[in-house]
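One structure is given here, and the rest of the page talks about it.
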Amino acid sequence: MISIQGKGVSTGVALGPLYFYQRAKSSISRTTVKDTQAEWERFKAAQAKAVEQLGELAEKARVEAGDSAAFLFETHQMMAEDLDYEEAIQGLIQDDKLNAEAAVSDTAAQFADMFANMDDPYMQARSADVKDVSSRIIGILTGAVQGGIDSPVPVILIADDLAPSETVQLDKSKILGFVTEGGSGSSHTAILARTMGIPAIIGVGKQVKAEYAGREVIIDGTKGEVIIDADEATRNLMVSKMEELKKQREMLELLKGKPNKTKDGHTIRIYCNIGSPDDVAPVLGNDAGGIGLFRSEFLYLNCDDYPTEDYQFEAYKKVLSDMEGREVVIRTLDIGADKQIDYFDLPKEENPAMGNRALRICLNRPEIFRTQLRALYRASAFGKLSIMFPMVTSVWEVKEAKKMCERVKAELTAEGKAFSNDVELGIMIETPAAAVMSDRLAKEVDFFSCGTNDLTQYTLACDRQNADLGRFFNPHHPAVLRLLKLVCDNAHKNGIWVGICGELGADLSLTETFLSIGIDELSVSPRAVLPLRQKVRDTNVAVCRERVLSELMSDINTI
């Protein structure tokens, strides 16, 4: 038996085969082939498989986000079978005796340049399409695994860490739990695990060796323990723990339909954080009151070019429709820092967490912002939408964003397109500047939502992605909690509500604090809804408020 210690970032116990995440190869070989006919047939087989895969993706997209979303994959299908594209590859294989991978790669480069140099913007956009189609065919030829998992059964997935773009493409049905060598509690792997309701452990380093692949592994997300080839006694103990956790979950199911009301009558809204239209099912399944954070950037991460207005509209429409009148707060594009997208061509920065990101990109590239806002307002006709702007530091930024909203609404009115006039606008409080200026900012918006991961990072000058700074990154630090109280006070003085959408919202050790300082809404992963409801119902705010506020505002020797 091998026991490895890491840090648990999503609770629960899982048992299954250990599987190492497989990334697509970044380089291809160039060889001279003797049997050109066999090589051509090899290409044709890969082409047929790519067309089949794209057809399956089109149907999945149609079910999840409508015909406009499916159109992208149908376009890629047609491009994969384009006669000019096919003939160019055939010429390189049969005339130049080039292997299929290299022939596809060279043809992709040629066609991509041709499209990019055209005057028509629509044709220029096809440059990214031909690259994506070609990458898919090359991946099939080289045996690269689409989505990183090639297993007939669900697995415990291990990786060094996963980029946001990689988490988007994972086959979620194949994952029982996560283990990563590095990462942090606020990494996208951890966030995904909490959304899926499965255990995750980070920071195991190189202790999980390649030769362990395929062996039975048990992970305990509460203790942060990875056990490989457990002895009988340990295995039985962990299986019992799995069964006990299942029973606890069944007990929590009895809370469905019950109000989020404290013993002394205070009611708080409990919402969910999501990153995809697929995540609505667990939101409803866990009886959340709404969605407090839809991370819209994952729509961009899932595309090889800027997502169109119609593509975004279908996704937002689906979420709003599926939520059946419950509030949905959609955060506008929040990329940069740890979420990088190649086609944005963002310059390399020494400190991207404090660089060109989130609302700054939207204000610097108004056409990207306008496209998203048009899709959002069009979707608002299908449910209760609120729009939230991230990474705010100044009043003028909010005013500029609001002006863009008014321009978009005027455009849609002129075009005769329906939208709701009851869309609330809010901002994320995730910088100390926004917290300190919250008295002024509250006059400009309808609500605040506190992003505690970034607020902690910027307040403590501590990189939340740096695993070596674990004990320094302390969301419980009084400086963070005092800022949250300041934000609550200023919000309520100006008649607006305030929530928390950071992972801290699910920390049950802070629920009494949040209720005592006046938080109105907590937005958490779906699995955290019912435990949080139980904690709220067990709390008496009148009894704990004086103690909590006294502790919060007192001098603490451990600061």
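Bear in mind these aren't lab numbers, they're just calculated from the coordinates by the rules spelled out. Because the structure is predicted, anything quoted here is derived from the model rather than measured. Note: ideal-geometry Cβ built from the backbone for every residue, glycine included; neighbour counts use all protein chains shown.
How big is the antiparallel share of DSSP beta bridges in the chain, given as a percent to the nearest 5?
35 percent
Summing +1 for each Lys or Arg and -1 for each Asp or Glu, what net charge is found among the other residues whose Cβ lies under 10 Å from the Cβ of Thr262?
Neighbourhood net charge equals +1.
If you take the beta carbon distance between Ala116 and Met354 as r and set R0 to 30 Å, what does 1/(1 + (r/R0)^6) give as a FRET efficiency, to the nearest 0.05?
The formula returns an efficiency of 0.40 here.
Could you tell me which of Phe448, His477, Val423 has its Cα farthest along the dipole of segment 416-485 towards the positive end, charges placed at Cβ (Lys, Arg +1; Asp, Glu -1), taken about the Cα centre?
The listed residue farthest towards the positive side: His477.
Select from Val392, Ala410, Tyr21 the residue farthest towards the positive end of the dipole of the chain; place +1 on Cβ of Lys and Arg, -1 on Cβ of Asp and Glu, and compute about the Cα centre.
Ranked along the dipole, the leading option is Val392.
Working from Cα positions, state the angle (0 to 90°, nearest 10) between the long axis of helix 100-116 and the longest principal axis of the chain.
Once rounded, one gets 70 degrees.
About its Cα centre, what dipole magnitude does segment 261-553 give when the only charges are +1 on Lys and Arg Cβ and -1 on Asp and Glu Cβ, stated in debye to the nearest 20?
780 debye
Quick check on my link table: of Lys348/Lys417; Lys174/Lys223; Lys258/Lys443; Lys206/Lys247, which ones sit more than 31 Å apart, alpha carbon to alpha carbon?
Pairs exceeding the cut-off: Lys348/Lys417; Lys258/Lys443; Lys206/Lys247.
If I stretch the segment between Ala281 and Leu83 completely, what's the gain in nm (0.36 nm per residue apart, minus their alpha carbon distance), one decimal?
So the chain would gain 67.1 nm between Ala281 and Leu83.
Run the quick spin-label model on Ala461 and Asp171: label points 7 Å from Cα toward the beta carbon, then report their separation in nm to one decimal.
If labels sit at Ala461 and Asp171, their model points lie 4.8 nm apart.
What's the FRET efficiency of Arg249 with Asp489 using the Cβ-Cβ distance as r and R₀ = 51 Å, to the nearest 0.05?
Here the calculated transfer efficiency is 0.85.
In which sequence would Ile368, Ile158 go, from the one with the fewest C-beta neighbours within 10 Å to the one with the most?
Ordered from fewest to most neighbouring Cβ atoms within 10 Å, Ile368, Ile158 come out as Ile368, Ile158.
I need the fraction of alpha carbon pairs in segment 119-251 separated by more than 18 Å, rounded to a whole percent.
Here the tail beyond 18 Å accounts for 64 percent of pairs.
From the Cα trace of segment 252-360, what convex hull volume per residue do you get, rounded to a whole Å³?
With only Cα atoms used, segment 252-360 gives 139 Å³ per residue.
So, counting K/R as plus one and D/E as minus one, what does the shell of residues with Cβ under 13 Å around Glu244 add up to?
So the environment of Glu244 carries a net charge of +1.
Under a straight-distance cross-link criterion of Cα-Cα below 17 Å, which aspartates and glutamates are reachable from Lys209, leaving out those fewer than 8 residues away in the same chain?
Hits, sequence-local ones excluded: Asp160, Asp161, Glu181, Glu225, Asp229.
Stokes-Einstein D for the chain at 4 °C, 1.567 mPa s, Kirkwood Rh over Cα pairs, in µm²/s?
Approximately 51 µm²/s, per Stokes-Einstein.
Under a point-charge model restricted to the Cβ atoms of Lys and Arg (+1) and Asp and Glu (-1), what is the dipole moment magnitude of segment 411-461 relative to its Cα centre, in debye to the nearest 20?
Around 140 debye, computed over segment 411-461.
What's the angle, to the nearest 10 degrees (0 to 90), between helix 366-379's Cα axis and the longest principal axis of the chain?
70 degrees
Can you give the helix-only mean residue ellipticity at 222 nm for the chain, where every DSSP H stretch with n ≥ 4 adds -39500 (n - 2.57) and the sum goes over all residues, rounded to the nearest 500 deg cm²/dmol?
Value at 222 nm, helices only: -14500 deg cm²/dmol.
Sticking with the crude label model, points 7 Å out along Cα→Cβ, report the distance from Ser394 to Thr75 in nm, one decimal please.
3.6 nm
To the nearest 20 debye, what is the magnitude of the charge dipole of the chain about its Cα centre, counting +1 on the Cβ of each Lys and Arg and -1 on the Cβ of each Asp and Glu?
So the magnitude is around 2140 debye.
Just want to confirm a number: the relative contact order over the chain, from Cα pairs under 8 angstrom separated by 6+ residues, in percent.
It rounds to 15 percent for the chain.
Taking 0.36 nm per residue of sequence separation and subtracting the Cα-Cα distance, how much length would be gained by fully extending the chain between Asn236 and Lys206, in nm to one decimal?
Computed gain between Asn236 and Lys206 is 8.1 nm.
Pull out the extension gain between Asp96 and Lys34, defined as 0.36 nm times the separation in residues minus the alpha carbon to alpha carbon distance; nm, one decimal.
Fully extending the segment from Asp96 to Lys34 adds 21.3 nm.
Pop the C-beta distance of Glu424 and Arg537 into the FRET formula with R0 = 30 Å and round what comes out to the nearest 0.05.
0.65
Where the Cα atoms of segment 181-321 are projected onto their three principal axes, how long is each span, largest first, in whole Å?
52, 50, 21
How big is segment 261-553 in terms of Cα radius of gyration and Dmax, in angstroms?
Cα-based Rg and Dmax for segment 261-553 come out at 18.6, 57 Å.
If I model a spin label at Lys263 and Asn474 as a point 7 Å from the Cα along the Cα→Cβ vector, what separation in nanometres do I get?
About 3.0 nm, to one decimal.
Pick out, in residue order, every one of the trypsin sites (Lys or Arg not before Pro) in segment 85-133 that is DSSP loop and has at most 16 other C-beta atoms within 10 Å; say none if there are none.
Lys97
Just the number: Rg to Rh for segment 36-142, Cα atoms, Kirkwood Rh, two decimals.
Ratio of gyration radius to Kirkwood radius: 1.00.
Counting only DSSP beta bridges with both residues in segment 261-553, what percent are antiparallel, rounded to the nearest 5?
So the antiparallel bridges amount to about 5 percent of the total.
Could you give the angle, 0 to 90 degrees to the nearest 10, between helix 232-252's Cα long axis and the longest principal axis of the Cα atoms of the chain?
Approximately 60 degrees, to the nearest 10.
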